[in-house]
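The values are calculated or read from the model by the stated rules, or taken from the named source; none is laboratory data. Remember, predicted model here, so these are calculated numbers, not experimental data. Ideal geometry is used to build each Cβ from the backbone, glycine not excepted, and the neighbour counts take in all protein chains shown. Calculation scope for accessible area: heavy atoms of the full protein, side chains included, ligands and nucleic acids excluded. Shrake-Rupley method; radii C 1.70, N 1.55, O 1.52, S 1.80 Å.
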Amino acid sequence: MPLLITVIGLIVLILLISYVKLHTFLSFLVVTLGVGLALQMPPEKILTAVQQGIGGTLGSIVSIIALGAMLGKLVAQSGAAQRISTKMMDIIGTGYVRWAFMITGFIVGLPLFYSVGFMLLAPLVITVSYRYKLPAVYIGIPMLASLSVTQGYLPPHPAPLAIVKQFNVDMGLTLFYGIIVAIPAILVSGALFGSTLKKYLTLPNKAFIAPDLKDDEMPSTFMSFISVLLPILLISISTIILPYFLKGSFMHQLLTFVGDPIVSMFISVLFASYALGIKQNKSMVEVTNLLGDSIKEVAMLFLIFGGAGALKQVLTDGGVNQSIASMMQESSLHPLILAWGMAAIIRVAVGSSTVSGITTAGFVAPLLASTHTEPHLMVLSIGAGSMMFSHVNDSGFWLFREYFQLSMTETLKTWSIMETLVSISGLGGVMALNAFIG
């Protein structure tokens, strides 16, 4: 019954947004309250879940989204994105731009959270799309597939890291196996599937496109690249050096602080404000106005993310994920397939890959000892399942739709299918690797 209520709720949500044309945030609230009542949750508990869901979701991503929008605006308006895109095209040409973005997405995705990587790279995709008359979805999906795979499969991203700790397995070996599985998954969901999307010609969000500038009006190539790469460098260097200092020491605390995604993005915005603003003869007032404009352009996303978070929390508190996990626990499927399927169903129902991964890990942990399943592959199987079919209850769905300016149907046919292929090809890779090392 909880699963049926969830399915009906999601169908109603899609109808309210697509056909009734009710505002997305209001649609989320209508469905969230209705689902909570249908799950027989006390009204007080529903309201508490709504508050926690909105607060928890926005608390974890609002700063990153806001700072990412600011950095993206500075990179675009200063001409840095134009400089980077021109340099990329000079080196690789338009014929290989999809591959360049796919590889860049994987490299960026290793140390960065998905939302940070998206906010850094999406403006570059949009700039290249406009300047070279290439379909944005066609060149963007390979990059997004790389970011999704690293987010779902590989520690130190939240869900894989939590599962690694829960199963008490070696992070390095998990990462090694994860990269082996990730490469074919990216090729299938990004390169292969992405090559079929040339027909989507909708122009992406123009907010991140600046008028063409003359060469002497743009920042240097070095300054352009360093402004975009700075958060990646800060997080990567902190992660690499951190183990060499005693926990609690000044350097350990400093590196932990600087390596936090929010702090690294904040430092990067301050740096870009000078390097791409003040140094380019813009006044502080002009820079501040640019930063303010960037927030206006993503403000509606905050409401949508909050609504998705409220629905996710009501489904979680209403026991939907536990109900699905309990229902599948008696299955006779191979443990790796069972774990993947459990994570996939919870992901589709609840919308959060992190909730899906952590919930599934708790239920399949006993299987590791009783079935002697390879624990590192179990981490990857759960991670792959947790990426299944992102749709209207996932904030990533709305982030993609807003930036690439697609309809609901088009977003489902592009983004959601890509995420599904990430999940299915991940399972295929895990099973192939299990046959090889088993």
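From the list 279, 312, 296, exactly one residue is of a type in the set (D, E, K, R) and either modelled with pLDDT of 90 or more or not in a helix (DSSP H, G or I) (or both). Which is it?
Step by step, each of 279, 312, 296 is checked, and only 279 is of a type in the set (D, E, K, R) and either modelled with pLDDT of 90 or more or not in a helix (DSSP H, G or I) (or both).
Quick check on the range 253-275. Is at least one of its residues aromatic (Phe, Trp, Tyr) and over 24 Å from residue 223 (Cα atoms)?
Yes, some residue in the range 253-275 is aromatic (Phe, Trp, Tyr) and over 24 Å from residue 223 (Cα atoms).
Counting just the residues of the range 316-340 that are modelled with pLDDT of 80 or more and either under 21 Å from the mean Cα position of the chain (by Cα) or not in a helix (DSSP H, G or I) (or both), which one comes out nearest to residue 428 (Cα to Cα)?
My answer is 340.
May I ask you to verify whether residue 305 is of a type in the set (Phe, Trp, Tyr), at pLDDT below 85 and surrounded by 24 or more Cβ atoms within 10 Å (Cβ to Cβ)?
In short, yes.
Give me the pairs: first residue in the range 358-381 and among the small types (Gly, Ala, Ser), second residue outside any helix (DSSP H, G or I), beta-carbon distance under 9 Å, and six or more apart or on different chains, which are they?
These pairs meet every condition: 381/373.
Please verify whether the range 127-143 includes one or more residues that are closer than 29 Å to residue 275 by Cβ, in contact with a Gly (Cβ under 9 Å, 6 or more places away or on another chain) and surrounded by fewer than 24 Cβ atoms within 10 Å (Cβ to Cβ).
yes
Going by the conditions given, is residue 174 within 19 Å of residue 74 (Cβ to Cβ), in contact with a helix residue (DSSP H, G or I) (Cβ under 7 Å, 6 or more places away or on another chain) and of a type in the set (Val, Ile, Thr)?
It is false that residue 174 is within 19 Å of residue 74 (Cβ to Cβ), in contact with a helix residue (DSSP H, G or I) (Cβ under 7 Å, 6 or more places away or on another chain) and of a type in the set (Val, Ile, Thr).
Show me the helices (runs of 4 or more DSSP H) entirely contained within the range 96-205 in which 3 or more residues are touching a residue at least 12 places away in the same chain (Cβ under 8 Å) and over 29 Å from residue 368 (Cα atoms).
97-109, 114-131, 136-153
Suppose the filter is under 30 Å from residue 36 (Cβ atoms), within 24 Å of the chain's Cα centre (by Cα) and either open to solvent by less than 60 Å² (accessible area, probe 1.4 Å) or β-branched (Val, Ile, Thr) (or both); does residue 346 pass it?
Criteria met by residue 346.
Being part of a helix (DSSP H, G or I), open to solvent by less than 40 Å² (accessible area, probe 1.4 Å) and of a type outside the set (Val, Ile, Thr) narrows it down to one of 10, 3, 33, 26, so name that one.
10
Out of (1) modelled with pLDDT of 95 or more; (2) surrounded by fewer than 17 Cβ atoms within 10 Å (Cβ to Cβ); (3) within 21 Å of the chain's Cα centre (by Cα), what's the single condition that is false for residue 229?
(1)
Filter the range 265-275 down to residues that are modelled with pLDDT of 90 or more and under 21 Å from the mean Cα position of the chain (by Cα) and give me whichever is surrounded by the fewest Cβ atoms within 10 Å (Cβ to Cβ).
In this case the residue turns out to be 266.
Hey, can you tell me all the residues within the range 93-108 that are open to solvent by 60 Å² or more (accessible area, probe 1.4 Å), of a type outside the set (A, V, I, L, M) and at pLDDT below 90?
Correct list: 94, 95.
Test residue 178 against the stated conditions and say whether it is touching a Phe, Trp or Tyr at 6+ places or on another chain (Cβ under 8 Å) and either buried (at least 17 other Cβ atoms within 10 Å of the Cβ) or more than 23 Å from residue 399 (Cβ to Cβ) (or both).
yes
Could you tell me which residue of the range 393-438 is nearest to residue 113 (Cα to Cα), considering only residues that are open to solvent by 10 Å² or more (accessible area, probe 1.4 Å) and β-branched (Val, Ile, Thr)?
Only one residue tops the list, namely 420.
Give the range 109-123 a look and list any residue that's among the aliphatic types (A, V, I, L, M), open to solvent by less than 10 Å² (accessible area, probe 1.4 Å) and in contact with a Gly (Cβ under 9 Å, 6 or more places away or on another chain), or say none.
116, 119, 121, 122
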